[in-house]
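For reference, the structure discussed in these notes is given below.
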Amino acid sequence: MSAPPSTTGARRPGPLLTTVLLALVAGLIAVGFTTLAPSDPPGPVAAAGSAGAPSALDRAITTARDKLARRDQDPRTWAGLGAAYVEAARAKGDPTYYPKAEEALRKSLAQQPDGNGPALSGLGALANARHDFTAARDWGEQAKAVLPDNAEVYGVLTDAYTQLGDTAAATDALQRMLDLKPGVASFTRAAYEFELHGRVEDARHALDRALADAVDPGDVVFCRHLLGKLAFDNGDFDTAQRHFDAGLRAVPDAGSLLQGKATVAAARGRTAEALAGLQDIVARQPSLDGLQEYALLLTAAGQPEPAARQYAIIEEQQGIDAASGANIDLEASLVAVDRGNAKRALELAQAEWSRRQPVFVADAVAWALHLNGRDAEALTYADRAASTGWRSAAAAYHRGMILAGLGRNAEAVTALTEALRINPHFSPVGAPAARTALANLGGAR
């Protein structure tokens with residue numbers, strides 16, 4: 001396998017993007033940070049679709065379908081229905097909506113082949129959801145030619161270019177989106193951009209601004225989850241807990257927030273509580289992320305048989321995703337690592353790298369190479385994973401273990417120490433392994 005391409009062209013967020021976020025921070029100071037503090041959530045609202053009531057998204061789908069039943073020749077409504085199906089797949093964690101979305105969007109395009117920006121943008125969003133980021137980029141660029149001033153189109157392009165590892169193009173698309181429509185969608189993307197470049201405080205300020213603009217309960221949950229996850233990933237468990245709790249006061253059954261609370265409980269050593277929480281979550285709202293976290297914690301807790309059952313469910317879910325047209329190679333590679341199948345993990349990670357080269361895929365390839373005893377090659381990819389300044393405890397741990405495998409012990413101690421400094425409980429398996437490796441290298445802490 002060839003080495004990763006040069007990263008000399010990689011670019012940090014440009015001055016305009018930075019200026020926008022600095023202005024946002026100034027605005028936050030002007031209104032007072034207490035209005036956005038985790039302990040001061042918005043007033044309680046009913047969960048979307050809770051208590052048997054249809055959500056706004058469900059109502060939009062029903063309205064569009066009823067309209068099309070009366071008049072099939074309506075490319076605009078077909079495009080809207082397709083976009084709603086894409087969102088439903090995300091919101092409900094149900095990939096079976098993807099084929100429905102594609103059918104609706106392609107019908108829209110067939111009825112209006114020229115100048116149909118909404119259908120082109122919808123197909124780009126669908127391709128992003130299926131992890132076909134090259135197709136998403138191509139659909140997004142076609143949509144941009146038709147709708148050069150549409151913020152949603154630039155959201156499609158931001159996501160596609162970010163996932164492809166084209167940081168310059170991603171920053172340009174994000175800047176345009178912020179210029180056109182500052183709001184939850186653009187601010188959360190800005191936060192992700194900053195996080196990938198190691199600018200954690202800028203990411204937090206962007207998410208604070210997104211939360212200030214969040215009105216819909218789903219947006220409130222989304223922002224609280226991202227703020228909690230950012231805090232957790234950087235070792236601030238108290239702040240993470242406050243965000244998850246605040247979000248749950250708005251939507252008490254939000255699965256992402258309940259999972260976040262379980263993650264914090266596990267990090268604080270409350271394993272039984274965490275396992276009980278995750279068990280309930282995957283029973284009610286199964287997702288690959290939740291199932292994998294539950295399986296890994298079961299493994300760390302010395303419960304291999306229940307863990308194996310969860311991995312069997314994961315395989316079934318991955319099959320559903322694949323049948324719906326989604327690419328799951330990266331996720332499947334990470335599961336293969338957890339299950340000790342190093343060869344399969346590397347095959348899948350390499351396949352993903354052949355399609356896209358963001359820093360987190362570089363990290364997955366590096367770790368899989370290490371597990372296969374190929375540390376010299378692994379270090380090249382670990383270097384790529386660190387190229388943007390991305391601040392990840394797991395990636396630092398991987399780098400440290402690779403360096404130790406090469407006999408570069410002093411550097412290994414530095415990397416492993418950094419991993420535990422970022423988050424001393426970043427993984428129920430990885431964090432203890434990092435401490436053991438440090439002790440063996442004479443850098444115990």
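Please treat every number below as a calculation from the coordinates, not as lab data. Since the structure is predicted, the reported quantities are computational estimates derived from the model, not experimental observations. Cβ: placed from backbone, ideal geometry, glycine included. Neighbour counts: every protein chain shown.
Take the alpha-carbon centre of region 188-205, take the same for region 312-348, and report the distance between them in whole Å. Going from one Cα centre to the other spans 28 Å. Counting only Cβ charges, +1 for Lys and Arg and -1 for Asp and Glu, the dipole size of the chain around its Cα centre is about 260 debye.
The magnitude of the dipole of region 273-410, with charges of +1 and -1 set on the Cβ of Lys/Arg and Asp/Glu and taken from the Cα centre, is near 460 debye. Going by alpha carbons, how many degrees (0 to 90, nearest 10) lie between the helix axis of 167-180 and the longest principal axis of the chain? So the inclination is approximately 40 degrees.
In order along region 417-428, the Karplus-derived 3J(HN,Hα) couplings, from 6.51 cos²θ - 1.76 cosθ + 1.60 at θ = phi - 60°, round to 5, 5, 4, 6, 6, 5, 7, x, 9, 5, 7, x Hz, and Gly and Pro are given as x.
Quick check on region 230-297: take the gyration tensor over C-alpha atoms, sort the square-rooted eigenvalues as a ≥ b ≥ c, and tell me if it's rounded (a/c under 1.5), prolate or oblate.
Values: a/c = 1.72, a/b = 1.15, b/c = 1.49.
Oblate.
With contributions of -39500 (n - 2.57) from each DSSP H run of at least four residues, the per-residue ellipticity at 222 nm computed over the chain stands at -23500 deg cm²/dmol.
By the gyration tensor of its Cα atoms, with a ≥ b ≥ c the square roots of the eigenvalues, what is the shape of the chain: rounded for a/c under 1.5, prolate for a/b over b/c, or oblate? Verdict is rounded for the chain.
For the chain, the longest principal axis of the Cα atoms and the long axis of helix 304-323 meet at an angle of about 40 degrees. Neighbours of Trp139 by Cβ distance under 14 Å: Lys/Arg scored +1, Asp/Glu scored -1, total -2. Rounded to the nearest Hz, the phi-derived 3J(HN,Hα) couplings of region 376-388 under the Karplus curve 6.51 cos²θ - 1.76 cosθ + 1.60 (θ = phi - 60°) are 4, 5, 4, 5, 4, 6, 4, 4, 5, 4, 8, 5, 9, where x marks glycine and proline.
For region 269-297 versus region 51-117, the inter-centroid distance based on Cα atoms is 32 Å. Between 0 and 90 degrees, the angle of helix 133-146 with respect to the longest Cα principal axis of the chain falls at about 30 degrees.
At a 10 angstrom cut-off on C-beta neighbours, averaged per residue, how do the peptides 311-318, 328-335 rank from highest to lowest?
Details: 311-318: 16.6, 328-335: 21.8.
Highest to lowest by the protection proxy: 328-335, 311-318.
Here the 3J(HN,Hα) profile of region 236-245, calculated from phi with Karplus coefficients 6.51, -1.76 and 1.60 at θ = phi - 60°, is 9, 6, 5, 5, 4, 4, 5, 5, 5, 5 Hz, Gly and Pro shown as x.
The mean sequence distance of close C-alpha pairs (under 8 Å, at least 6 residues apart), as a share of the length of region 324-402, puts its relative contact order at 25 percent.
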